[in-house]
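Asker: Let me begin by handing over the structure; questions about it come next.
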Amino acid sequence: MNEKNMPAGARKKLPFWFPMAWSSRAVALSMNMSLTAFMTLYFTDILGLNPAIIGVILMVSRITDAFTDIMIGYLVDRTNTKWGKARPYEFAIVFLWLFIYMMYSTPDMSPVAMYAWVFFTYFMQNSICITVLYGNEPVYLVRAVKYPENRTRMISAAGIYQMVIVTAFGMIIPQMVARIGTDRHSWSVLALCLAVPCALIGMLRFLLVPELKDVEEEKKEEKISIRKTLTALKGNKYLWILAAMYFLYHFGNGFSGGMATYFTKWNMGDLGVGTWLNAAALFSLPILAVIPKMMDKLGTVKTLRIGLVIMALGPVVRWIGGTSLAMLMVGTLMFIAGSVPIAFMTNIYLFECMDYGEWKTGIRVEGTMGSINSCMAKLASAVSGALQGILLIPIGYVGTAAAQTEGTLTGIMVLFNLVPLLICVISLLISTKYDVEKEIPMIREELKKYSHTAEG
């Protein structure tokens, strides 16, 4: 059969433009992370709000995601439209950027009103929009790309496109933030200038990447009850191990990224240093490019563990280097490069958990499993954000001060490096329990035989 007549995702060899189209939504979503990395700084230093109260507000908002994540996953599993199961939910990217703009355009009101505004806009971003976008991701991928090996390669290629574009803007944004200083109107304008193009870019995947019509998958589809869903989740031990590692990754990454803004502003004396930290991410591109081959040769689990070791060494190098820009960049590079397997290849591990769960319980749930990971990411952000705000208080941090004390600077240095280091070590220990890989070939063979028997 001539593959040119087939949908792009169904081909053995994917066209070069396909990963670019797939990555468009991820790029728009990651741009949100580049801007919201300065969120806590905006709340404390621009709006003058209490960091501890902000930490609690963000934590409460993110904890509610535990409920909305599961609801969205269950909803995706039961969705069936002419556009497919997961594709319709891509529209959430437009609303995400709307609420980001609103957050960075907080009106000059009473403190109580500003806290309420911050809570509402952040809640809508994370509990609704990002929840939907994370919840539909694995389901969309498995239905848009037919062959498992192509999914791995496409994720890798898409990750490269995503990292190049996001890093480029990540180098620019700190400079822009440093220039606009404490002018609230300028923060609003910056958010608007990013929101409009990112919302448009984010919708390209919906327009260019359809879900495939697969007769075999359609036969498997059924309206799964809540009871069956819970049974499938309960019987999947590897899903919960993966979820724990994903929680820890997002906790460490979020805490490190949040403290980086304080470290560069006060310890380094230049918020614009963030440009060079984002530039360091470009050097991890070769790692992302070779990850599929590493997984093929070493296996998914060993690749994950090697990454966690490298990731753990990053904060060590940063700590030793102190305020040395070169050491800071090297440590940041190691931290980012080591996180590539868990950050970009999570869906590959999730597909293993899906297959294991179907083999173990006879029930296949995709959206809900994807939402479990999304839920862990949100809870991690909640805890890390709250802890970050709370721990700034005992080290004597004052956001509106002209300068910080020596003790505060030392405290920022410790928080910036020690917490992420401990998180990486704990993740590495947990990874020793994730050994489903050795069973996967047998599991997938049995699932294939069962599928053929049922079809016959």
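Asker: From A199, A195, which residue is closer than 28 Å to S23 by Cβ, at pLDDT 90 or above and either open to solvent by 70 Å² or more (accessible area, probe 1.4 Å) or over 18 Å from the mean Cα position of the chain (by Cα) (or both)? Talk me through it step by step, then tell me what you get.
Answerer: Working: A199 fails: either open to solvent by 70 Å² or more (accessible area, probe 1.4 Å) or over 18 Å from the mean Cα position of the chain (by Cα) (or both).
Result: A195 is the single residue among A199, A195 that is closer than 28 Å to S23 by Cβ, at pLDDT 90 or above and either open to solvent by 70 Å² or more (accessible area, probe 1.4 Å) or over 18 Å from the mean Cα position of the chain (by Cα) (or both).
Asker: Within the range 127-142, is there a residue that is closer than 24 Å to A343 by Cβ, modelled with pLDDT under 90 and either over 21 Å from the mean Cα position of the chain (by Cα) or assigned to a loop (DSSP other than H, G, I, E, B) (or both)?
Answerer: Within the range 127-142, none of the residues are closer than 24 Å to A343 by Cβ, modelled with pLDDT under 90 and either over 21 Å from the mean Cα position of the chain (by Cα) or assigned to a loop (DSSP other than H, G, I, E, B) (or both).
Asker: Would a scan of the range 429-450 turn up a residue that is in contact with a Ser or Thr (Cβ under 6 Å, 6 or more places away or on another chain), of a type outside the set (G, A, S) and open to solvent by 50 Å² or more (accessible area, probe 1.4 Å)? Write out each step before concluding.
Answerer: Step one: list which residues in the range 429-450 are in contact with a Ser or Thr (Cβ under 6 Å, 6 or more places away or on another chain), which gives 437.
Adding the requirement that they be of a type outside the set (G, A, S) leaves 437.
Now drop any that are not open to solvent by 50 Å² or more (accessible area, probe 1.4 Å), which leaves 437.
Yes, the range 429-450 has at least one match.
Asker: Name the residue, out of C193, C198, that is in a helix (DSSP H, G or I), free of Cβ contacts under 8 Å to residues at least 60 places away in the same chain and either within 24 Å of G269 (Cα to Cα) or of a type in the set (A, V, I, L, M, F, W, C) (or both).
Answerer: Only one candidate qualifies: C193.
Asker: Among the residues in the range 237-250, are any closer than 18 Å to N373 by Cα, in contact with a Phe, Trp or Tyr (Cβ under 9 Å, 6 or more places away or on another chain) and without any contact (Cβ under 8 Å) to a residue 24 or more places away in the chain?
Answerer: Looking through the range 237-250, at least one residue is closer than 18 Å to N373 by Cα, in contact with a Phe, Trp or Tyr (Cβ under 9 Å, 6 or more places away or on another chain) and without any contact (Cβ under 8 Å) to a residue 24 or more places away in the chain.
Asker: Identify all residues within the range 166-188 that are in contact (Cβ under 8 Å) with a residue 40 or more places away in the chain and closer than 25 Å to M109 by Cα; write none if there are none. Let's see the steps before the verdict.
Answerer: First, pick out the residues of the range 166-188 that are in contact (Cβ under 8 Å) with a residue 40 or more places away in the chain: 166-167, 169-175, 177-178, 182, 184, 187-188.
The answer is V177, A178, T182, R184, W187, S188.
Asker: Something else: Restricting attention to the range 1-30, report how many residues are charged (D, E, K, R) and in contact with a Phe, Trp or Tyr (Cβ under 9 Å, 6 or more places away or on another chain). Quick ask: steps written out before the conclusion?
Answerer: Here is the first cut: in the range 1-30, the residues charged (D, E, K, R) are 3-4, 11-13, 25.
Subset that is in contact with a Phe, Trp or Tyr (Cβ under 9 Å, 6 or more places away or on another chain): 11-12, 25.
Total meeting the criteria: 3.
Asker: Looking only at residues that are of a type in the set (A, V, I, L, M) and not in a loop (DSSP other than H, G, I, E, B) in the range 32-50, which one is surrounded by the fewest Cβ atoms within 10 Å (Cβ to Cβ)?
Answerer: M33
Asker: Going through V330, V365 one at a time, which residue ends up being touching a Lys or Arg at 6+ places or on another chain (Cβ under 9 Å), free of Cβ contacts under 8 Å to residues at least 60 places away in the same chain, on the phi < 0 side of the Ramachandran plot and aliphatic (A, V, I, L, M)?
Answerer: V330
Asker: Across the range 63-76, what is the number of residues that are open to solvent by 20 Å² or more (accessible area, probe 1.4 Å), out of contact with any Cys (no Cβ under 8 Å at 6 or more places or on another chain) and outside any loop (DSSP other than H, G, I, E, B)?
Answerer: Of the residues in that region, 7 qualify.
Asker: Based on this model, can you work out whether D355 counts as free of Cβ contacts under 8 Å to residues at least 40 places away in the same chain, among the acidic types (D, E) and in a helix (DSSP H, G or I)?
Answerer: no
Asker: So, G299, is that one open to solvent by less than 10 Å² (accessible area, probe 1.4 Å), over 30 Å from M268 (Cβ atoms) and not hydrophobic (A, V, I, L, M, F, W, C) or not?
Answerer: Considered against the rule, which asks whether it is open to solvent by less than 10 Å² (accessible area, probe 1.4 Å), over 30 Å from M268 (Cβ atoms) and not hydrophobic (A, V, I, L, M, F, W, C), G299 comes out as yes.
Asker: Being surrounded by fewer than 16 Cβ atoms within 10 Å (Cβ to Cβ) and either touching a Phe, Trp or Tyr at 6+ places or on another chain (Cβ under 8 Å) or basic (K, R) (or both) is the filter here; which residues of the range 302-322 pass it?
Answerer: Passing the criteria: only K302.
Asker: Can you tell which of Y397, Y356 is out of contact with any Lys or Arg (no Cβ under 8 Å at 6 or more places or on another chain) and under 22 Å from R143 (Cα atoms)?
Answerer: Details: Y397 fails: under 22 Å from R143 (Cα atoms).
Of Y397, Y356, the one residue that is out of contact with any Lys or Arg (no Cβ under 8 Å at 6 or more places or on another chain) and under 22 Å from R143 (Cα atoms) is Y356.
Asker: Also, I was wondering about something else. Failed condition for I412, given (1) farther than 30 Å from P138 by Cα; (2) without any contact (Cβ under 8 Å) to a residue 40 or more places away in the chain, with all others met?
Answerer: Unmet condition: (2).
Asker: Next question, about the same structure. Quick one: which of I423, I412, I372 is β-branched (V, I, T), buried (at least 20 other Cβ atoms within 10 Å of the Cβ), modelled with pLDDT of 90 or more and within 24 Å of the chain's Cα centre (by Cα)?
Answerer: Exactly one of I423, I412, I372 is β-branched (V, I, T), buried (at least 20 other Cβ atoms within 10 Å of the Cβ), modelled with pLDDT of 90 or more and within 24 Å of the chain's Cα centre (by Cα), namely I423.
Asker: I need every pair where a residue in the range 144-165 that is at negative phi and open to solvent by 50 Å² or more (accessible area, probe 1.4 Å) has its Cβ under 9 Å from the Cβ of a residue that is outside any helix (DSSP H, G or I) and modelled with pLDDT under 75, sequence separation at least 6 or different chains.
Answerer: K146/D214
Asker: Shifting gears a bit: Counting just the residues of the range 231-276 that are in a helix (DSSP H, G or I) and among the charged types (D, E, K, R), which one comes out surrounded by the fewest Cβ atoms within 10 Å (Cβ to Cβ)?
Answerer: Step by step, filter the range 231-276, then rank; the result is K234.
Asker: Quick check: is even one residue across the range 204-213 touching an Asp or Glu at 6+ places or on another chain (Cβ under 8 Å), modelled with pLDDT of 90 or more and of a type in the set (D, E, K, R)?
Answerer: So far as the range 204-213 goes, yes, one or more of its residues are touching an Asp or Glu at 6+ places or on another chain (Cβ under 8 Å), modelled with pLDDT of 90 or more and of a type in the set (D, E, K, R).
The values are calculated or read from the model by the stated rules, or taken from the named source; none is laboratory data. These figures come from a predicted structure and were not determined experimentally. When we count neighbours, we look across all protein chains shown, and the Cβ atoms used for this are built from the backbone with ideal geometry, even at glycine. Each accessible area value is taken on the protein alone, full model and side chains, heavy atoms only, with ligands, DNA and RNA left out. Shrake-Rupley method; radii C 1.70, N 1.55, O 1.52, S 1.80 Å.
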